[in-house]
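Worksheet for the structure shown next.
The values are calculated or read from the model by the stated rules, or taken from the named source; none is laboratory data. Because the structure is predicted, anything quoted here is derived from the model rather than measured. Reconstructed Cβ throughout: ideal geometry from the backbone, glycine too, with neighbour counts over all protein chains shown.
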Amino acid sequence: MADTAPTGGRPAFAGAAAYVPRTVVGWLGLLFVAMLVFWLGANLVNDPSEFFNVFFIGLTNGAVYALVALGYTLVYGILQLINFAHGDVFALGGLVASSVILTWFDVGGESGTGITILAITTALIVAVLFSSSLNVGIELVAYRRLRNAPRLAPLITAVGMSFILQDVGLVKWGVEYQTVDPLIPNTVAFSIGDVDFQWNKISVLLLTIPVLLALTWLVTYTRQGKAMRATSQDMDAAAMMGINVNRTISFTFAVAGALAGAGGLLYFLHFTSIRYDTGFQLGLIAFTAAVLGGIGNLSGAVLGAVCIGLIEQFNEGLELYSPGSDWTRSIVFGILIAILVFRPEGLLGERTPEGQ
Amino acid sequence: MSEAPQKFGGREPSRVGRFLGSGGGGTLDSLPPSVRRLLLPGVVTLLAFLYPTLRPYLDDLPVIGDLFPAVGTVVIMIVFTMMAVGLNVVVGYAGLLDLGYVAFYAAGAYTAAWFASLQFEQVTFHFGDVGINPDLPGIHLSVWLILIIAGLLTATVGILIGLPTLRLRGDYLAIVTLGFGEIIPQFVRNADNIKGFDLTHGTFGISPIDSPGFGETLHDAVGLPVNFQQSTNRPELFFYTALLLLLFTVFVCVRLRDSRLGRAWIAIREDETAAAAMGVPLMRTKTWAYAIGAFFGGIAGAYYASFKVGAFPSDFFFNLSIFILCMVILGGMGSVWGAIVGGLILSYLDQEGLAKIGTAIGINDVPKYNFGIYGLIIVVMMLFRPTGLIAERRRKQELEEGVSDESLYGMQA
């Protein structure tokens with residue numbers, strides 16, 4: 001969903017083996033990649049089963065990040081706006097889900113399977129509806145008026161919106177973490193070699209993958225998806241072709257919000273605690289993921305999210321040469337900066353004038 | 001860039017004249033423009049310098065008497081205002097959204113901490129320090145010297161951050177600066193054991209930091225205080241110095257705005273492609289904006305660390321960057337006077353105002369929601385008065401008349 005026609009940039013990964021850097025920056029990038037490969041390789045050889053266990057955890061976390069990252073990428077694709085408030089929409093979705101589970105159903109670790117499933121399903125529906133209407137509302141109130149303003153104006157507004165939403169969470173839910181017992185048991189579903197696959201992690205993937213497939217179908221094959229792609233390519237031309245641009249943009253925000261709501265619930269179930277400012281941190285991580293994959297590109301966002309999830313877990317879980325959890329955030333943002341400097345179009349994105 | 005660069009003064013009716021209601025032909029208008037244009041800033045500066053003297057009397061005023069901040073609070077307000085004026089160079093003049101300004105502030109504060117404390121006790125080096133036992137280990141330089149060092153060092157950091165990132169445009173740049181704004185505080189928190197070397201003393205921060213002063217010689221000669229820390233009127237001394245620093249910052253920023261470099265910044269802000277086509281060197285001009293913004297951030301950070309007698313990693317959180325950005329937006333992007341007004345208002349609210357308002361309306365939690373309130377200010381300003389309280393003329397044209405082509409299908413709300 002890049003906003004410009006391909007400008008003859010090199011296709012992703014094509015001829016990667018024959019890639020010879022032309023600049024100092026290029027060589028630095030290559031060195032960086034080589035170090036990464038060495039680090040992972042050394043750990044893989046050192047303790048393969050640990051490596052794959054960590055890999056699986058990273059994959060699961062990455063799946064949660066992917067839901068949020070997709071929201072950033074959808075909105076960026078259509079408006080070229082970094083929706084800073086998206087992380088907070090996600091957090092509010094998670095908080096609403098936590099209220100549904102904890103207050104409405106009062107579900108804990110000892111509750112029966114039936115009521116737990118009912119609670120989670122209700123929480124999913126409520127969180128999705130809440131987050132998507134919230135996101136549409138934000139677009140209506142804060143971004144629509146600024147559509148023809150200089151590009152920094154909506155970005156600054158989004159930052160302000162993010163703070164407002166955080167404080168909404170703070171007023172309603174307070175500073176304490178909302179915590180829940182692990183509702184999905186972490187019993188081992190199956191093992192391959194020494195690597196265990198637990199139910200609670202598999203369930204995250206079981207929810208995320210269908211959502212991603214549905215989204216791909218929505219964007220690729222439906223009429224509405226076609227309208228979204230057209231609007232993202234050229235708003236004026238789309239309007240002339242009879243596409244209701246405003247409604248398409250609202251729809252995009254609704255989809256992004258729905259993903260954020262589902263992500264919020266999953267985050268709450270998976271990490272078992274959520275707070276008003278969770279969204280800010282996670283939003284930045286998810287945004288990094290979207291940029292890493294190539295912002296505006298749906299599969300890129302998923303790939304980037306999985307990469308970030310893996311890197312985080314590798315950094316915290318691997319034995320050899322790992323900087324450790326003190327440095328996780330620095331590493332994530334270091335990657336963000338490195339990607340923007342070395343390859344602004346991301347892993348899968350097309351080269352756009354923005355990145356030059 | 002087709003029209004001639006506009007400057008203040010000139011044929012325009014005097015701002016001071018309008019302000020004092022003496023329209024055309026009053027006595028003020030008979031003054032030469034150069035004097036006229038300095039009149040209002042001069043009066044404001046004079047009043048500001050008198051503030052510590054006047055403050056005891058202001059307290060006695062009915063109703064509003066309680067609202068006046070303590071002199072110590074005003075020092076903090078001035079430091080933040082300095083940062084707002086510095087950030088205004090980056091965001092307002094050059095139109096580069098910097099969401100990591102706090103990084104420069106941290107760099108400045110830690111420069112002060114390194115060069116004026118016991119941190120590096122492996123060495124004993126004294127130069128121009130005042131009121132400090134000469135046998136005390138660690139590096140102790142004169143705080144005045146450190147302000148300059150901090151400014152230059154931070155400007156260098158700004159250039160280093162800028163060189164690889166300033167190629168990016170608009171929102172990408174914002175994200176990269178945000179990344180640096182997150183990394184540097186974490187680095188500061190974690191860098192207490194780099195191969196056994198304690199660079200930043202981790203979460204505890206570095207304290208105490210030496211105080212500025214003028215030493216025995218100047219004290220005996222002209223009566224300047226030996227050391228601020230040991231003086232009875234410490235807040236007042238810091239106040240006067242902070243005000244001088246702010247004046248210096250404002251002077252530099254105003255002069256820069258009217259310089260060739262300043263016009264290049266504005267050209268880039270309005271249309272980067274057109275500016276490049278007109279021969280404005282994009283990278284160099286942007287890097288200068290970054291370096292100068294960083295320079296003042298560094299000085300402010302170093303001065304604040306000296307005032308607080310310490311540099312602590314908890315001071316450098318991301319929200320602070322937004323807080324300072326909010327000052328610039330509230331005041332009016334691109335307008336130095338706007339940045340000053342915005343900076344003073346918001347830092348006052350942050351330091352004392354919100355608590356006082358909270359007490360007045362009976363909700364004690366108001367300061368807790370400070371960032372929500374700032375967020376609201378940002379959103380409301382962007383939606384309803386994007387030019388800020390004190391609009392800069394060019395910015396106003398840009399925002400109200402738009403820089404892009406007319407929309408084909410009237411999507412404006």
In region A:20-51, which residues are assigned to a helix (DSSP H, G or I), farther than 18 Å from residue A:340 by Cα, among the aliphatic types (A, V, I, L, M) and free of Cβ contacts under 8 Å to residues at least 12 places away in the same chain?
-> A:34, A:35, A:37, A:44, A:45
Residue list for region B:242-264, filter: of a type in the set (S, T, N, Q) and in contact (Cβ under 8 Å) with a residue 24 or more places away in the chain = B:249
Residue A:269 versus (1) more than 14 Å from chain B (Cβ to nearest Cβ); (2) of a type outside the set (S, T, N, Q); (3) touching a Ser or Thr at 6+ places or on another chain (Cβ under 7 Å); (4) part of a helix (DSSP H, G or I): which is the lone unmet condition?
-> (3)
Hits in region B:258-309 (condition: touching a strand residue (DSSP E or B) at 6+ places or on another chain (Cβ under 6 Å) and surrounded by fewer than 19 Cβ atoms within 10 Å (Cβ to Cβ)) = B:309
Neighbours by Cβ (under 8 Å, 6+ apart or cross-chain): first from region B:157-184, at the interface with chain A (Cβ under 9 Å from one of its Cβ atoms); second assigned to a helix (DSSP H, G or I) and basic (Lys, Arg) = B:182/A:329; B:183/A:329
Do we find a residue being out of contact with any Leu (no Cβ under 7 Å at 6 or more places or on another chain), more than 13 Å from every other protein chain (Cβ to nearest Cβ), among the hydroxyl-bearing types (Ser, Thr, Tyr) and in a helix (DSSP H, G or I) anywhere in region B:341-354?
-> yes
What's the number of the condition residue B:385 fails, among (1) free of Cβ contacts under 8 Å to residues at least 60 places away in the same chain; (2) within 11 Å of chain A (Cβ to nearest Cβ); (3) over 27 Å from residue B:64 (Cα atoms)?
-> (2)
Are any of the residues in region B:99-116 within 14 Å of chain A (Cβ to nearest Cβ), in contact (Cβ under 8 Å) with a residue 40 or more places away in the chain and assigned to a loop (DSSP other than H, G, I, E, B)?
-> yes
Within region A:131-144, which residues are facing chain B (nearest Cβ under 7 Å) and hydrophobic (A, V, I, L, M, F, W, C)?
-> A:142
Could you list, in sequence order, the residues of region B:355-382 that are facing chain A (nearest Cβ under 9 Å) and part of a loop (DSSP other than H, G, I, E, B)?
-> B:365
From A:107, A:159, A:136, which residue is farther than 21 Å from residue A:280 by Cα and touching a residue at least 40 places away in the same chain (Cβ under 8 Å)?
-> A:107
Quick one: count up the residues across region A:145-161 that are facing chain B (nearest Cβ under 7 Å) and at pLDDT 90 or above.
-> 3
Out of A:101, A:115, A:125, A:82, report the one residue that is touching a Phe, Trp or Tyr at 6+ places or on another chain (Cβ under 9 Å) and within 30 Å of residue A:229 (Cβ to Cβ).
-> A:82
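Here's the yes/no breakdown for (1) within 14 Å of chain B (Cβ to nearest Cβ); (2) in a helix (DSSP H, G or I); (3) closer than 29 Å to residue A:98 by Cα; (4) among the β-branched types (Val, Ile, Thr):
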position	(1), (2), (3), (4)
A:279	yes, yes, yes, no
A:282	yes, yes, yes, no
A:285	yes, yes, yes, yes
A:296	yes, no, no, no
A:301	no, yes, yes, no
A:304	yes, yes, yes, no
A:308	yes, yes, yes, yes
A:319	no, no, no, no
Top-ranked residue of region A:162-177 - restricted to ones that are part of a loop (DSSP other than H, G, I, E, B) and within 14 Å of chain B (Cβ to nearest Cβ), ranked as nearest to residue A:112 (Cα to Cα) | A:176
Answer from A:128, A:180 - the residue that is out of contact with any Pro (no Cβ under 9 Å at 6 or more places or on another chain), at pLDDT below 90 and away from chain B (no Cβ under 14 Å) | A:180
Among the residues of region A:96-115 satisfying the criterion of being under 18 Å from residue A:263 (Cα atoms) and among the β-branched types (Val, Ile, Thr), which is modelled with the highest pLDDT?
-> A:96
